[in-house]
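S.K.: First, the structure itself, so that you have it in front of you.
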Amino acid sequence: MTHKKLEENLQEVIRTSIKRAAGDIILLYRLTQEPVQAEHTAESQYSLTVTKVDCGGTRREVRCLPDLTRNRTEAEQIYELISRGLVTPCTLDEVIDDLFAI
């Protein structure tokens with residue numbers, strides 16, 4: 001088993017949602033939890049992935065923010081804001097920067 005495959009197996013999906021943005025655009029949101037790779041810690045890190053796909057499946061854009069936070073409540077709040085706001089992969093970094101600037 002490759003190192004990448006092993007890392008994927010450690011991820012636990014916490015929340016997912018699918019939203020239709022406009023016309024033929026579908027946005028998929030996924031919040032995952034995985035253990036922090038440090039000795040003597042039971043801490044988890046939370047990552048957010050946003051995927052934009054057209055209904056025909058010919059165009060796909062993905063943005064993943066690994067280790068977004070280590071706090072589950074904060075991760076779920078960010079997830080809610082991002083998914084309710086229909087944030088796309090190309091604007092995700094800017095929106096997250098604005099959230100943390102508050």
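The values are calculated or read from the model by the stated rules, or taken from the named source; none is laboratory data. Please read these numbers as outputs of a predicted model, since none were measured by experiment. Here the Cβ positions follow ideal geometry from the backbone for every residue, glycine too, while neighbour counts run over all protein chains shown. Remember, those area values only see protein heavy atoms, side chains included, never the ligands or the DNA or RNA. Shrake-Rupley method; radii C 1.70, N 1.55, O 1.52, S 1.80 Å.
S.K.: Zone of Leu81 (label point 7 Å along Cα→Cβ, backbone N under 20 Å): which residues in region 53-69?
M.R.: From region 53-69, the list is 63-69.
S.K.: Could you look at the chain and say what percent of its accessible area is carbon and sulfur, using a 1.4 Å probe and all protein chains?
M.R.: 50 percent
S.K.: State the answer as a single residue: which of Val53, Ile102, Ser83 lies farthest towards the positive end of the charge dipole of the chain, with beta carbon charges of +1 for Lys and Arg and -1 for Asp and Glu, about the Cα centre.
M.R.: Val53
S.K.: Follow-up question, since we're still on this one. Quick one: Karplus J couplings for region 88-99, per residue in order, coefficients 6.51, -1.76, 1.60, θ = phi - 60°, nearest Hz, x for Gly and Pro?
M.R.: For region 88-99, the Karplus curve yields 9, x, 6, 10, 4, 4, 5, 5, 5, 4, 5, 4 Hz.
S.K.: Now for a separate question. Helix-only mean residue ellipticity at 222 nm, the chain, DSSP H runs n ≥ 4 weighted -39,500 (n - 2.57), per residue, nearest 500. What is it? Don't skip to the answer; put the middle values down first.
M.R.: Working: 3 runs with 31 residues, N = 102.
Estimated from H runs of four or more residues: -9000 deg cm²/dmol.
S.K.: Read through the labelled values (1) 1.88; (2) 1.12; (3) 1.00 and report the label of the one computed as Rg/Rh (Cα atoms, Kirkwood Rh) from the structure.
M.R.: (3)
S.K.: Let me ask something else. Only sites in a loop by DSSP and with at most 14 other Cβ atoms within 10 Å count here; which trypsin sites (Lys or Arg not before Pro) in region 57-98 make the cut? Write down the numbers at each step before the final one.
M.R.: Numbers: sites: Arg59, Arg60, Arg63, Arg70, Arg72, Arg84; in loops: Arg59, Arg70.
Here the sparse-neighbourhood loop sites are Arg59, Arg70.
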